[in-house]
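The values are calculated or read from the model by the stated rules, or taken from the named source; none is laboratory data. The structure presented is a predicted model; accordingly, all values stated were derived computationally and were not measured. Here the Cβ positions follow ideal geometry from the backbone for every residue, glycine too, while neighbour counts run over all protein chains shown. Each accessible area value is taken on the protein alone, full model and side chains, heavy atoms only, with ligands, DNA and RNA left out. Shrake-Rupley method; radii C 1.70, N 1.55, O 1.52, S 1.80 Å.
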Amino acid sequence: MGDLGIDTTVVGDAALDASGEASHFSAMLSREWEIWGPMGGYLASFALRAAGRHCRLPRPASIVGHFLGVARFDSPVDITCTTQRTAKTAQSVRASVTQEGRPIFEAMVWATNTGLLGLEHQYAPMPEVEHWSKLVTIQERLAAQGEQWEPWFPFWENLDQRPPYWRTDWMERPNLSEPPVWDQWLRFRPTASFDDPWVDACRLLVLVDLGSWPSAQSHHNQEGVMAPSIDLACEFHRIDPTAEWLFVRGVAPSATEGLVASHQSVWADDGRLLASGISQLLCRPMAGGPQPPRPQRRA
């Protein structure tokens with residue numbers, strides 16, 4: 001099991017002003033966050049945290065990034081942050097992640113001040129599902145069927161999961177029988193949330209990326225492809241460390257020509273929308289190589 005706050009730590013020197021001077025950081029990736037290699041939202045979290053160290057403003061507003069290479073766990077990554085634009089209430093930072101000179105992830109991050117005055121509304125109601133407190137865990141559901149929880153990748157040990165829906169015959173369902181939607185209540189473990197807004201935003205970033213593949217696999221019951229993220233965009237609407245349990249809905253509205261589109265939203269358990277974003281996946285056949293994991297049970 002990994003701890004998101006510890007496992008996304010970046011070290012190095014931060015520029016102390018907004019002159020455009022670059023800041024340089026390094027970090028080691030933890031195998032506890034492995035899904036086909038480092039999980040995309042986890043990798044992107046290093047760019048976000050480095051931008052937070054470089055930035056003079058306290059609140060992350062958004063991140064947009066391209067995955068340019070697959071990082072390894074046995075070598076440090078380097079992150080270079082440069083201010084692209086600065087104003088009284090907002091700052092744009094470019095964060096470039098490399099490993100041994102290879103480009104891995106390229107991100108643009110916006111930061112803002114806290115407590116800014118402006119429009120107030122939310123037009124994104126949370127889906128009507130049972131509250132997490134009335135649901136049981138995946139482990140308990142499987143135990144009731146006489147099965148034991150065995151996660152397919154280490155990443156899944158980092159989350160408490162309480163699925164609002166369950167099918168005992170999930171692995172035998174007909175292909176294309178379910179909509180491309182993934183709903184899940186999740187809480188990070190062993191540390192559920194973080195006081196530092198830049199670290200707490202990493203929770204939301206991970207979950208926005210996480211909902212992409214399970215939503216597609218909800219529709220396609222097959223194991224012939226893998227589909228890593230090629231890009232990721234996340235908007236941080238609200239940062240709230242008091243919201244430990246988070247509800248995620250992932251939707252994959254289109255899959256064609258080797259590309260899978262996904263849209264994700266993350267709510268606090270009181271119905272406030274905390275983050276939303278998109279991720280595009282690039283399908284790759286698994287012929288001649290190891291098969292991808294069986295799809296996650298519908299949740």
Original post:
In region 139-160, is there at least one residue being touching a His at 6+ places or on another chain (Cβ under 8 Å) and loosely packed, with under 12 Cβ neighbours inside 10 Å?
Top reply: no
Subject >> Filter result for the condition that a residue is polar (S, T, N, Q) and surrounded by 23 or more Cβ atoms within 10 Å (Cβ to Cβ), over Ser193, Ser262, Ser177 >> reply: Ser262
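Looking for something at positive phi and either open to solvent by 10 Å² or more (accessible area, probe 1.4 Å) or free of Cβ contacts under 8 Å to residues at least 12 places away in the same chain (or both) - is there at least one such residue anywhere in region 44-54? Step through it out loud before you land on a result.
Step one: list which residues in region 44-54 are at positive phi, which gives none.
Scanning region 44-54 turns up no residue that is at positive phi and either open to solvent by 10 Å² or more (accessible area, probe 1.4 Å) or free of Cβ contacts under 8 Å to residues at least 12 places away in the same chain (or both).
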Subject >> Number of the condition not met by Val97 [criteria: (1) over 28 Å from Pro285 (Cβ atoms); (2) free of Cβ contacts under 8 Å to residues at least 60 places away in the same chain] >> reply: (1)
Subject >> Of the criteria (1) open to solvent by 30 Å² or more (accessible area, probe 1.4 Å); (2) under 17 Å from Ala50 (Cβ atoms), which one Trp198 fails >> reply: (1)
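Residue-by-condition table, conditions (1) in a loop (DSSP other than H, G, I, E, B); (2) over 24 Å from Leu207 (Cβ atoms); (3) over 21 Å from the mean Cα position of the chain (by Cα):
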{"residue": "Glu21", "(1), (2), (3)": "yes, yes, yes"}
{"residue": "His24", "(1), (2), (3)": "no, yes, yes"}
{"residue": "Ala50", "(1), (2), (3)": "no, no, no"}
{"residue": "Arg56", "(1), (2), (3)": "yes, yes, yes"}
{"residue": "Pro60", "(1), (2), (3)": "no, no, no"}
{"residue": "Ile63", "(1), (2), (3)": "no, no, no"}
{"residue": "Thr82", "(1), (2), (3)": "no, yes, yes"}
{"residue": "Arg85", "(1), (2), (3)": "no, yes, yes"}
**OP:** Would you confirm whether any residue within region 134-148 is within 18 Å of Leu246 (Cα to Cα) and within 22 Å of the chain's Cα centre (by Cα)?
**Re:** yes
